[in-house]
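Trainee: To start, I am sharing the structure in question, which I have written as structure tokens.
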Amino acid sequence: MEALERFAYGLCHDVHWSRDLVQETMLKAFIHFEMFRQGTNCKAWLFKICRYSFINAYRSRQRQPILMDFDDDAAHSGPENIARYQLPTRGLLAGSSSVDPHSRNIGDEVMTALQGLPLVFQTAVILSDIEGHPYEEIAEFLHVPLGTVRSRLHRGRGMLARRLTGYAREAGYRVVS
């Protein structure tokens, strides 16, 4: 369960949404337990359900309209109150005002760079570098060949390195080009 919770948080970066995602994953697993094949990796099956649940929820959130109350008198009271009425952000960070204990070891800059990766690379990097799963297990989780996992990790890490070069220099690390 802890690994599933960390994986869900790694996908959505919001404590409340990740808990909902784990709950939905377990509910779907219970309802569709007859689809689980005995002798296969249960953990991989649960991660797959979680990943697809996240993708479906993410797509659903993207299609939701932004609601604003134009009749609210405070919204028209002047420029000093405009900051209170900013449009909400969309995407992975929508509604993520909570701090999660899983992210305490990863700096904000690294989390922001990780969130900016495409989902296939983000998932591979989270499973390998944060969760510590071996490549073979990641390939089984994602139902892709081992070479694809290695390729996604190589490309994902490269993207992270490019995004974090400035941060590393500012932190005093020697950056090799």
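The values are calculated or read from the model by the stated rules, or taken from the named source; none is laboratory data. What you see is a predicted model; the values in this text were computed from it and never measured. Reconstructed Cβ throughout: ideal geometry from the backbone, glycine too, with neighbour counts over all protein chains shown. Note: areas computed on protein heavy atoms with side chains; ligands, DNA, RNA excluded. Shrake-Rupley method; radii C 1.70, N 1.55, O 1.52, S 1.80 Å.
Trainee: Condition first: at pLDDT below 90, under 21 Å from A3 (Cα atoms), open to solvent by less than 60 Å² (accessible area, probe 1.4 Å) and of a type in the set (A, V, I, L, M, F, W, C). Can you find one or more residues in region 60-80 that meet it? Working first, answer last.
Mentor: Just the residues of region 60-80 that are at pLDDT below 90, to begin with: 60-80.
So of that shortlist, the ones also under 21 Å from A3 (Cα atoms) come out as none.
There is no residue in region 60-80 that is at pLDDT below 90, under 21 Å from A3 (Cα atoms), open to solvent by less than 60 Å² (accessible area, probe 1.4 Å) and of a type in the set (A, V, I, L, M, F, W, C).
Trainee: Next question, about the same structure. Quick check on region 155-176. Is at least one of its residues free of Cβ contacts under 8 Å to residues at least 60 places away in the same chain, part of a loop (DSSP other than H, G, I, E, B) and among the aromatic types (F, W, Y)?
Mentor: There is at least one residue in region 155-176 that is free of Cβ contacts under 8 Å to residues at least 60 places away in the same chain, part of a loop (DSSP other than H, G, I, E, B) and among the aromatic types (F, W, Y).
Trainee: With T112, T148, T165 as the choices, which residue is open to solvent by less than 40 Å² (accessible area, probe 1.4 Å) and at pLDDT 85 or above? Before you say what the answer is, go through the steps one by one.
Mentor: On the way: T112 fails: open to solvent by less than 40 Å² (accessible area, probe 1.4 Å); T148 fails: open to solvent by less than 40 Å² (accessible area, probe 1.4 Å).
After applying the criteria, what remains is T165.
Trainee: In addition: Going through region 125-145 one residue at a time, which ones are open to solvent by 60 Å² or more (accessible area, probe 1.4 Å) and either part of a helix (DSSP H, G or I) or free of Cβ contacts under 8 Å to residues at least 40 places away in the same chain (or both)? Give the derivation first.
Mentor: At the first step, the residues of region 125-145 found to be open to solvent by 60 Å² or more (accessible area, probe 1.4 Å) are 129-130, 134-136, 140, 143, 145.
D129, I130, P134, Y135, E136, E140, P145 - these are the residues of region 125-145 that are open to solvent by 60 Å² or more (accessible area, probe 1.4 Å) and either part of a helix (DSSP H, G or I) or free of Cβ contacts under 8 Å to residues at least 40 places away in the same chain (or both).
Trainee: Taking region 1-42 on its own, how many of its residues are open to solvent by less than 20 Å² (accessible area, probe 1.4 Å) and on the phi > 0 side of the Ramachandran plot?
Mentor: Matching residues across region 1-42 total 1.
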